[in-house]
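Next up is a structure, given as structure tokens.
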Amino acid sequence: MTRKIGFTLGKYSPLHRGHQLVIETALSEMDKVYAVVYHSPETTSIPLSARANWIRTLYPDLTVVEAPDGPREVGDSPRLVELHDRYLTRLFRGTRITHFYSSEFYGEHVSKAFGAVNRLVDPERKTFSVSGTLIRENPYVYRQLIPPLVYRDLVCNIVFLGAPCTGKTTLASRLAHEFGTQWMPEYGREYWEKHQIDRRLSKEQLTEIAETHIELENEKILESDKYLFTDTNAMTTLQFSLYYHGEAEDRLVELAGECAKRYDLFFLCEDDFPYVHTWDRSGEANRRLFQKNIRKDLDARKIPYASLVGDPDSRVEKVGNIIQARRG
């Protein structure tokens, strides 16, 4: 019996429920399925590898083929039809493709080039009325049609680091208000107020803080519109463990190490304004020490960051300028 081998293709910028319907239909009908992911710098800044990994993660039974040199022009002119068909047949040389899956006009000419069945899936978009163009224009509006794994990559996660009393909370909450999105409060403060004994927490409790902060942060990302402003991360929690215990649990060290890839922008709030003494803080000398250690840790990990100095208005302006420059 001839094996049924199908493939589909796209930019997946981003992957959405319409794409998933095509992929899942193919997986349910074929013995083997390939998904070709095109390079697409014209439509998205998300790397080809990241888009391919979305599909690999969600559909481990499917074979993903990254196409960094694939045709960048699209259309139905004879020249473009020939360009795409030639590229794809060369890509699958030696593989007997029996079905081509899509919901697009090009299904006809691609399937013909392979002598395969043109398997159209919901071409009128009755099941999921959405397109990559609409989602790119406003991902927040269509976030229910985007897998959480994908939506997290569409949100720019911005973290503010610094010693106690360096303005992180004020800055994160204010920026969230100005950008009309969410901010992630420092979970460690909430936890400390409930569980501290003689102003101290155990190594195990500090690890728990870092783990819970990340869980809550992941939830906030799914509620965020383009940006999430995060107050503190596991790198700071690690500094507390090292300061109070001289060591940290392996899990906390691991979480701190993962922070370098978790955030899109790092800001270090400087200690250039008067220290405010409160019962839950350990003094200005400790603020200077923690600030020094946090900066040293960022440098050791080779994490690029911007320093924020001056009054809150100056800091907000600098963050806004950097965000705008990043967007291009």
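Among the residues of segment 27-41, which ones are more than 19 Å from the chain's Cα centre (by Cα) and part of a loop (DSSP other than H, G, I, E, B)?
Scanning segment 27-41 gives Met30, Asp31.
Can you tell me which residue among Val36, Val81, Val22 is open to solvent by 20 Å² or more (accessible area, probe 1.4 Å), of a type in the set (A, V, I, L, M, F, W, C) and touching a residue at least 12 places away in the same chain (Cβ under 8 Å)?
On the way: Val36 fails: open to solvent by 20 Å² or more (accessible area, probe 1.4 Å); Val22 fails: open to solvent by 20 Å² or more (accessible area, probe 1.4 Å).
So the residue among Val36, Val81, Val22 that is open to solvent by 20 Å² or more (accessible area, probe 1.4 Å), of a type in the set (A, V, I, L, M, F, W, C) and touching a residue at least 12 places away in the same chain (Cβ under 8 Å) is Val81.
Where residues in segment 210-234 are aliphatic (A, V, I, L, M) and surrounded by fewer than 24 Cβ atoms within 10 Å (Cβ to Cβ), which of them is farthest from the chain's Cα centre (by Cα)?
Step one: filter segment 210-234 for residues aliphatic (A, V, I, L, M), giving 210, 214, 216, 221-222, 228, 234.
From what is left, the residues that are surrounded by fewer than 24 Cβ atoms within 10 Å (Cβ to Cβ) are 214, 216, 221-222.
On the way: Ile214: 13, Leu216: 15, Ile221: 9, Leu222: 10 Å.
Residue satisfying both the conditions and the ranking: Leu216.
Same structure, new question: Could you list, in sequence order, all residues of segment 91-118 that are in a helix (DSSP H, G or I) and under 23 Å from Ser131 (Cβ atoms)?
Hits for segment 91-118 are Gly107, Glu108, His109, Val110, Ser111.
Say whether the condition of being out of contact with any helix residue (DSSP H, G or I) (no Cβ under 9 Å at 6 or more places or on another chain), surrounded by fewer than 17 Cβ atoms within 10 Å (Cβ to Cβ) and at pLDDT below 95 is met by at least one residue in segment 65-76.
Residues of segment 65-76 that are out of contact with any helix residue (DSSP H, G or I) (no Cβ under 9 Å at 6 or more places or on another chain), as a first pass: 72.
Filter once more, so that each one left must be surrounded by fewer than 17 Cβ atoms within 10 Å (Cβ to Cβ): 72.
From the residues that got through so far, the ones that are at pLDDT below 95 too are 72.
So far as segment 65-76 goes, yes, one or more of its residues are out of contact with any helix residue (DSSP H, G or I) (no Cβ under 9 Å at 6 or more places or on another chain), surrounded by fewer than 17 Cβ atoms within 10 Å (Cβ to Cβ) and at pLDDT below 95.
Identify the residue in segment 168-203 that is within 15 Å of Glu317 (Cα to Cα) and open to solvent by 50 Å² or more (accessible area, probe 1.4 Å) and, among all such residues, is farthest from the chain's Cα centre (by Cα).
Looking only at segment 168-203, we keep the residues that are within 15 Å of Glu317 (Cα to Cα), and these are 168, 170-179.
After this cut, where a residue has to be open to solvent by 50 Å² or more (accessible area, probe 1.4 Å) as well, the list is 170, 174, 177-179.
Values: Thr170: 24, Arg174: 23, His177: 21, Glu178: 22, Phe179: 18 Å.
Filtering segment 168-203 for residues that are within 15 Å of Glu317 (Cα to Cα) and open to solvent by 50 Å² or more (accessible area, probe 1.4 Å), the one farthest from the chain's Cα centre (by Cα) comes out as Thr170.
Matching residues to (1) touching a Cys at 6+ places or on another chain (Cβ under 6 Å); (2) part of a strand (DSSP E or B); (3) β-branched (Val, Ile, Thr); (4) within 30 Å of Tyr140 (Cα to Cα):
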position: His19; (1), (2), (3), (4): no, no, no, yes
position: Thr25; (1), (2), (3), (4): no, no, yes, yes
position: Thr44; (1), (2), (3), (4): no, no, yes, yes
position: Asp69; (1), (2), (3), (4): no, no, no, no
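Taking His213, is it assigned to a helix (DSSP H, G or I) and in contact with an Asp or Glu (Cβ under 8 Å, 6 or more places away or on another chain)?
So His213 fits the description; yes.
Looking at Asp61, is it under 14 Å from Ala26 (Cβ atoms), at pLDDT below 95 and out of contact with any Cys (no Cβ under 6 Å at 6 or more places or on another chain)? Before you say what the answer is, go through the steps one by one.
Details: under 14 Å from Ala26 (Cβ atoms): yes; at pLDDT below 95: no; out of contact with any Cys (no Cβ under 6 Å at 6 or more places or on another chain): yes.
Spelling it out, it is not the case that Asp61 is under 14 Å from Ala26 (Cβ atoms), at pLDDT below 95 and out of contact with any Cys (no Cβ under 6 Å at 6 or more places or on another chain).
Restricting attention to segment 118-167, and to residues there that are without any contact (Cβ under 8 Å) to a residue 60 or more places away in the chain and among the charged types (D, E, K, R), which single residue is surrounded by the most Cβ atoms within 10 Å (Cβ to Cβ)?
Glu137
Which one is modelled with the lowest pLDDT among residues in segment 100-112 that are touching an Asp or Glu at 6+ places or on another chain (Cβ under 7 Å) and surrounded by fewer than 20 Cβ atoms within 10 Å (Cβ to Cβ)? Step through it out loud before you land on a result.
Narrowing segment 100-112 to residues touching an Asp or Glu at 6+ places or on another chain (Cβ under 7 Å): 103, 105, 109-110.
Restricting the remaining residues to those that are surrounded by fewer than 20 Cβ atoms within 10 Å (Cβ to Cβ) gives 105, 109.
Values: Phe105: 93, His109: 97.
So the residue we want is Phe105.
Could you grab me the full set of residues in segment 71-90 that are of a type in the set (Lys, Arg) and either assigned to a helix (DSSP H, G or I) or under 17 Å from Thr8 (Cβ atoms) (or both)? It would help to see each step written out before you state the result.
First pass over segment 71-90, keeping only residues of a type in the set (Lys, Arg): 72, 79, 86, 90.
The answer is Arg79, Arg86, Arg90.
How many residues are over 19 Å from Asp76 (Cβ atoms) and among the aliphatic types (A, V, I, L, M) if we restrict to segment 88-115?
Residues that pass the stated criteria total 2.
Moving to a separate point now. Being assigned to a loop (DSSP other than H, G, I, E, B) and surrounded by fewer than 16 Cβ atoms within 10 Å (Cβ to Cβ) narrows it down to one residue among Pro14, Pro60; which is it?
Criteria check complete, one pass: Pro60.
The values are calculated or read from the model by the stated rules, or taken from the named source; none is laboratory data. Not measured: the values here are computed from a predicted model. Backbone-built Cβ (ideal geometry, glycine too); neighbour counts: all protein chains shown. All accessible areas refer to the heavy atoms of the entire protein, side chains included, with ligands and DNA or RNA removed. Shrake-Rupley method; radii C 1.70, N 1.55, O 1.52, S 1.80 Å.
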